[in-house]
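Working notes for the structure below.
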Amino acid sequence: MGTQKKYVRNSILRMEGYTPGLQPEDGEFIKLNTNENPYAPSPQAVEAMRTACGESIRKYPQPLADRFRTAAAEVLDLSPDEIICGFGSDDLLTIAVRTFCDSGDSIAFPYPSYSLYGVLADIQGARSVVVNFPEDYSLPPELADTGAALTLLANPNAPSGTMISPGEIKRLAGRLEGMLLIDEAYVDFAEENCLGLIRECDNVIVTRTLSKSYSLAGLRFGFALSNSGVIGQMMKVKDSYNVSKPGVEGAVAAFEDQRWLERNVGRIINTREKLVFGLQELGFFCLPTHTNFVLARAPEHAVAKNVFEALWKNKILVRYFDMPRLDDCLRITVGTDGEIDLLLEALGSIMKEEELQNE
Ligand SMILES: Cc1ncc(COP(=O)(O)O)c(C=O)c1O
């Protein structure tokens, strides 16, 4: 520890670091813990990645991933210079923090939300201003008054799955002194999005990912959208080659296959209804979800951590957060119909046991 103290920045020594969800060996568990898509990615994307892994891999990729920017601009009706790509949307969050926050500046975000936000603030030596969500996860009015250089808002939010309307977010953007980054990692499972705000407000950035709706979490590909001035500044901060050749080619092919996306999103939304219904039947309270996961609060007679552990023993992995406001909940990713049937069946027996134990 003495040596570390000598060499490591104080802000790093003090911080905890981000704890990602568990990634066990393939096939070991029914994996409903990190909001991956249970369906395969577009066959066109798989083929494009395979080709990109051939002889041409000896060369560097396009530094700005122009092929993806052009393809995405076409689909989203934007200009390529309103798009920047990254190694997952986490990379774009890091780039935004480094672009807009000096050390000592404030970064504001609601709680509970994506726990990486506070970690990124710590790494940058920025001050986290944490504003609690109300019980119903509506927009906390205090978020507009923090004076932060950057405000981070996941919409739909994780881990609640809830959503704030674009109209309310536009009003928030208008009141903020600094930049507003809207993290739309789950937006393809929702009915609305905030893309239009990048043209209406000069301080708005939207981030998206191919990890969830496009079934490409392992590829690590995300992108951010804003006006060309903001994107130009973020370009200066990113690593020169922050996406790989297979990454760009896979992402282009996946994006061009919007029918594949729509089919899988439709299937997930159907299964989501069945999951929510099944959980409610077992006495769980589910917040309204606009994502590919559900935050379910355990009924009075059950202890969420025990339910998590019992599911684990049944080789079913969900997410448990030992944190205020979440420690009585489980976050469950929407899997295939078959996976959700097995989950609900296992939960049925576990909840009976819990009821007996806590009588
Ligand atoms: C709200 C939110 N934002 C961003 C991410 C990161 O996604 P990516 O895989 O694109 O880095 C996640 C991943 O779980 C998330 O939940």
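Laboratory data are not the source of any read-out in this text; all were calculated from the coordinates shown. Nothing here was measured: the structure is a model prediction, and the numbers come from that model. Using ideal geometry, Cβ is built from the backbone for each residue, glycine included, and neighbour counts are taken over all protein chains shown.
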What percent does the relative contact order of the chain come to when contacts are Cα pairs within less than 8 Å and at least six residues apart? 23
Listed by chain and number, the residues whose amide H is under 5 Å from that of residue 131, excluding neighbours fewer than 5 places away on the same chain and using placed H, are 109, 111
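How long is the gain from residue 269 to residue 60 if the chain were fully straight, where each residue apart is worth 0.36 nm and the alpha carbon distance is subtracted?
Extending this stretch completely gives an extra 71.4 nm.
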Extending each Cα 7 Å along its Cβ direction at residue 135 and residue 5, get the distance between those two points in nm, one decimal. 4.7
Of the candidates 312, 278, 65, the farthest towards the positive dipole end of the chain (Lys/Arg Cβ +1, Asp/Glu Cβ -1, centred on the Cα centre) is 65
Among residues other than residue 248 whose Cβ falls under 13 Å from its Cβ, what is the net charge (Lys/Arg +1, Asp/Glu -1)? +2
Label-point separation (nm) for residue 199 and residue 168, each offset 7 Å from Cα along Cα-to-Cβ? 2.5
Among the lysines in the chain, how many pairs, 8 or more places apart or on different chains, have alpha carbons under 28 Å apart? 29
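Going by C-beta contacts inside 10 Å, put 127, 208, 263, 331 in order with the fewest on the left. Please report the intermediate quantities before stating the final value.
Values: 127 17, 208 27, 263 13, 331 24.
The most exposed by this proxy come first: 263, 127, 331, 208.
Using unit Cβ charges (K, R positive; D, E negative) and no other charged atoms, how large, in debye to the nearest 20, is the dipole of the chain about its Cα centre? Each step should come with its number before you reach the end.
Numbers: 35 positive and 50 negative charges, 253 e Å.
In total the dipole reaches around 1220 debye.
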So who's got an amide H within less than 5 Å of the one on residue 34, skipping anything under 5 residues away but keeping other chains? H placed 1.01 Å off N, in plane. none
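Specify whether the C-alpha gyration tensor of the stretch 43-257 places it in the rounded, prolate or oblate class, a ≥ b ≥ c being the square roots of the eigenvalues: rounded for a/c under 1.5, otherwise prolate if a/b is larger than b/c and oblate if not. Mind showing how you got there, number by number?
Values: a/c = 1.90, a/b = 1.64, b/c = 1.16.
Prolate, because a/c is 1.5 or more and a/b exceeds b/c.
Just rank 291, 336, 19, 3, fewest to most, by other beta-carbon atoms within 10 angstrom. Walk me through the intermediate numbers first.
Working: 291 29, 336 14, 19 10, 3 7.
Ascending Cβ contact count within 10 Å gives the list 3, 19, 336, 291.
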What spacing in nm lies between the two simple spin-label points modelled at residue 342 and residue 315, each 7 Å away from Cα in the Cβ direction? 0.6
Using the Karplus curve 6.51 cos²θ - 1.76 cosθ + 1.60 with θ = phi - 60°, work out ³J(HN,Hα) for each residue of the stretch 195-203 in order, rounded to whole Hz, and write x for Gly and Pro. 4, x, 5, 5, 8, 8, 10, 7, 10
Quick check: from the Cα gyration tensor, does the stretch 183-315 come out rounded (a/c under 1.5), prolate or oblate? prolate
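With 10 angstrom as the radius, rank 255, 285, 29 by how many other C-beta atoms surround their C-beta, starting from the fewest.
Numbers: 255 21, 285 13, 29 17.
The fewest-first ordering by Cβ neighbours comes to 285, 29, 255.
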Per DSSP H run of at least 4 residues, take -39500 (n - 2.57); add these up for the chain, divide by its residues and hand me the 222 nm value, nearest 500 deg cm²/dmol. -12500 deg cm²/dmol
Using alpha-carbon pairs under 8 Å, 6+ residues apart, how would you state the relative contact order of the stretch 43-257 in percent? 32
Residue by residue through the stretch 139-149, what is 3J(HN,Hα) from phi via Karplus (6.51 cos²θ - 1.76 cosθ + 1.60, θ = phi - 60°)? Round to whole Hz and write x for glycine and proline. 5, x, x, 5, 4, 6, 10, 7, x, 5, 5
Whole-Hz Karplus couplings 3J(HN,Hα) for the stretch 7-24, θ = phi - 60° and coefficients 6.51, -1.76, 1.60, Gly and Pro as x, run 9, 8, 4, 4, 5, 6, 4, 6, 8, 8, x, 7, 9, x, x, 5, 10, x
